[in-house]
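Q: Below: one structure in structure tokens.
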Amino acid sequence: MRVTPTAIAGVLVIEPEVFADERGFFFESFNARAFAEATGVAATFVQDNHSRSVRNTLRGLHYQIRQPQGKLVRVAAGEVFDVVVDLRRSSPTFGRWVGEHLSAENRKMMWIPAGLAHGFSVLSEYADFLYKTTDYWAPQHERTLLWNDAEIAIAWPLAGEPVLAARDRAGKRLSEAEVYD
């Protein structure tokens, strides 16, 4: 597995070793020992999630102010532009974002430590998005950062207005959002 750090401390792009031949391919999408050795992260995952979204759907930017979740994310079908925003006030990259194209074809994954907001936009006809989390979903602690906050200025590769859930339309600007110390 190849691990590439991003401009935000702790956020990693992970490319698994893929074994392909005329029959198709095989890769190990997660192995706790190999993940810890390659990333230095000893994560314990407690929940696996799978979402399917249609083209131009934008989900996020979500985080849990209590019971924050580390996430290992990947795409099983289609392609997304995956984004994280640093919400750790003590971080030198507070309020900054990084994005990565994740697809079934490139098989890239992203490790997102706790303390960051996460979201993605669907670039293909549909996308199956998989993520492992280090803590359970706690709806009472879930918060949403406004996806198009001008202060953050995420360069979403959108074709027109995105398809949004009501909670994503009602997200808070960074200046108003609850953040981590």
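Q: Can you order the peptides 152-161, 112-121, 62-71 by their average number of other Cβ atoms within 10 Å per residue, highest first?
A: 112-121, 62-71, 152-161
Q: Picking from Ala77, Trp147, Leu123, whose Cα lies most toward the positive end of the charge dipole for region 27-181 (charges on Cβ: Lys, Arg +1; Asp, Glu -1)?
A: Farthest towards the positive pole: Trp147.
Q: Now, a different point. What does the C-alpha gyration tensor say about the overall shape of region 38-174? Classify as rounded when a/c is under 1.5, otherwise prolate if a/b is larger than b/c, or oblate.
A: Because its axes are fairly even, with a/c under 1.5, region 38-174 counts as rounded.
Q: While we're here: Share of antiparallel DSSP beta bridges in the chain, in percent to the nearest 5?
A: Restricted to the chain, the bridges split so that about 95 percent are antiparallel.
Q: Please get the size of the charge dipole for the chain, origin at its Cα centre, with Cβ charges of +1 on Lys and Arg and -1 on Asp and Glu, quoted in debye to the nearest 20.
A: 400
Q: Based on the Cβ-Cβ distance of Glu151 and Gln67, what FRET efficiency does E = 1/(1 + (r/R0)^6) give at R0 = 25 Å, to the nearest 0.05?
A: With R0 = 25 Å, the Cβ-Cβ based efficiency is 0.45.
We did not get these values from a lab; they are worked out from the coordinates using the rules stated. All of these numbers come straight from a predicted model, not from anything done at the bench. Virtual Cβ from ideal backbone geometry, glycine too; neighbours counted across all protein chains shown.
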